[in-house]
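Worksheet: one structure, shown below.
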Amino acid sequence: MTRDEEAVRHAVERMARIFSDWGLPPMAARVLFTMMAAEERTLTAAELGDRLGVSPAAISGAVRLLTQMHLVVREPVPGSRRDVYRLPDDAWYELTLAKMPIFRQITDEATAAVEAVGGDDTTAGANLARMRDYFAFVERGLPRLLAEWRER
């Protein structure tokens, strides 16, 4: 099968739009999916900028955020002032694992909010209780799901 660069560009933009709609800044989403669609293991900011038609400076904030999210790893180039960026081997697993504590925090805060609005017999309480119950369900199920993924 032959690589279709035009189709790759469209796929990158569509995936970036989905993640941008989900809350990831648009440039970070574009950088992430450009890296995912690359055959090279590492890319420089200049290479990313060339592929996206933006300056390396525009790439800077995106890779900083992606690095903080553990979706991209920054590595120095020996003997150079440049860095290269690569995707970690199991980024989605690591990201999910790192974010698991937020489910407990949401559950705890929603429980307090249910009490604050007068209990789950109220309209507001019922709304908040559904959210609490959903995140408690996800929190309980994620460890099994992550273990299953790890075994794969």
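List of remarks:
- So Gly141, is it of a type in the set (Gly, Ala, Ser) and in the same structural domain as Pro26 (by TED's automatic domain parsing): no
- Matching residues in the stretch 14-23 - criterion: being over 21 Å from Ala57 (Cβ atoms) and in a helix (DSSP H, G or I): Arg14, Met15, Arg17, Ile18, Phe19, Asp21
- Enumerated helices (runs of 4 or more DSSP H) restricted to the stretch 66-152, each holding at least 2 residues that are free of Cβ contacts under 8 Å to residues at least 40 places away in the same chain and surrounded by 15 or more Cβ atoms within 10 Å (Cβ to Cβ): 101-116, 123-151
- Looking only at the stretch 69-91, and only at residues there that are within 20 Å of the chain's Cα centre (by Cα) and hydrophobic (A, V, I, L, M, F, W, C), the one that is farthest from Pro25 (Cα to Cα): Val84
- With respect to the conditions (1) under 20 Å from Leu32 (Cβ atoms); (2) modelled with pLDDT under 95, Val84 lacks only one, and its number is (2).
- Any hit, the stretch 40-56, residues being of a type in the set (Ser, Thr, Tyr) and loosely packed, with under 13 Cβ neighbours inside 10 Å: yes
- Output for the stretch 24-52, where each listed residue is among the small types (Gly, Ala, Ser) and either assigned to a helix (DSSP H, G or I) or at pLDDT below 95 (or both): Ala28, Ala29, Ala45, Ala46, Gly49
The values are calculated or read from the model by the stated rules, or taken from the named source; none is laboratory data. All values reported here derive from a predicted model rather than from experimental measurement. Cβ coordinates were reconstructed from backbone atoms using ideal geometry, including for glycine residues, and neighbour counts include every protein chain displayed.
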